[in-house]
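Quick note: the coordinates plus some simple rules give every number you see, no bench work behind them. Being a predicted model, the structure only gives us computed values, none of them experimental. In this analysis, Cβ positions are derived from the backbone assuming ideal geometry, glycine residues included, and neighbour counts consider all displayed protein chains.
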Amino acid sequence: MNNSAANTGRILWAGLRALLVLTLVCGVLYPLAVTGIAQVAFPGKADGSEIEDASGKVVGSELIGQTYNLPLKDGEETPAPDLRWFQPRPSNGLGTNSVNTQYKLILSGATNRSGDNEDLVKWVTDVKAAVIEDNSVAGHTVKPSDVPADAVTSSGSGLDPHISPAYARLQVHRVAERNKLTVDQVDRLVAEHTDDRILGFIGEPRVNVLKLNIALKDLVAKG
């Protein structure tokens, strides 16, 4: 009996020592080492890839999309987009309710609906009509064939910070008119903020909406 108790005690003590050592190594030393290396080698990415405006104020992350809406009016459930700014792709993957609203980090995800789902078809049709209406200005009418897929569909996460160059260019005339700029000025802005494929062959060309809108704000401020 005494030998059995002693053996059990030794096993428990060995297990406790292993737990303490592994907790120290895996729960303290390793995270500190990785954090330290990241802060030295990639400080911006380690801190969340934050983006600052011209005044030095942090206005978001280049990894997370956000909305550009007008203040919510009485009786409105969903605020209207502020059409002075470039708009991101839709973000209704999990629906909008008291917990999950557009571009919020509490919940995110894709629609998980098939291409012939009636709700999805209606939603895409309605969004496409709104994109055409919002971006058609005097002397420039957007055609249905001009509307790219990312203008009417959300990403898998619902938090995509990028839009395609095609969707950015579609918005140029409306942004120029709303901000009293020339189309050429805004078109150049889009071209300057279009990122090519990673390493020249991975992914697709893309435009970070937040960075583009910060540049637009600076351009408007310069008159």
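Values for this structure:
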item	result
Anisotropy class of the range 49-221 from Cα gyration tensor, a/c 1.5 cut	rounded
Cβ-based charge dipole, the chain, positive-most Cα from Asn213, Leu19, Gln171	Leu19
Three-way shape label, the range 2-44, alpha-carbon gyration tensor, a/c 1.5	prolate
FRET E, pair Leu29, Thr194, Förster distance 41 Å, beta-carbon r, rounded to 0.05	0.45
Sparsely packed trypsin sites (Lys or Arg not before Pro) within the range 118-192, loop by DSSP, other Cβ within 10 Å at most 13	Lys180
All lysines inside 20 Å of Lys122 as judged from Cα atoms, apart from same-chain residues fewer than 8 positions distant	Lys143
Selection from Ala80, Thr111, Gly139 lying farthest towards where the dipole of the chain points positive, charges on Cβ	Thr111
Charged-residue dipole, Cβ positions (Lys, Arg, Asp, Glu), the chain about Cα centre, Debye nearest 20	640 debye
Mean residue ellipticity (222 nm) of the chain, computed from DSSP H runs ≥ 4 via -39,500 (n - 2.57), nearest 500	-13000 deg cm²/dmol
Inter-label distance for Val58 and Lys122, nm, one decimal - labels placed 7 Å from Cα along Cα-to-Cβ	4.2 nm
FRET efficiency estimate (nearest 0.05) - Cβ-Cβ, Ser49 to Asp134, R0 22 angstrom	0.15
Degrees between helix 118-135 axis and first principal axis of the chain (Cα, 0 to 90, nearest 10)	50 degrees
Added length on full extension, which subtracts the Cα-Cα distance from 0.36 nm per residue, Glu76 to Ser114	10.7 nm
Residue among Leu70, Leu29, Ser4 farthest towards the positive dipole end of the range 1-75, charges placed on Cβ	Ser4
Using alpha-carbon coordinates, inclination of helix 183-192 to the longest axis of the chain, degrees	20 degrees
Mean separation of Cα contacts under 8 Å (6+ apart) over length of the range 49-221, as relative contact order %	24 percent
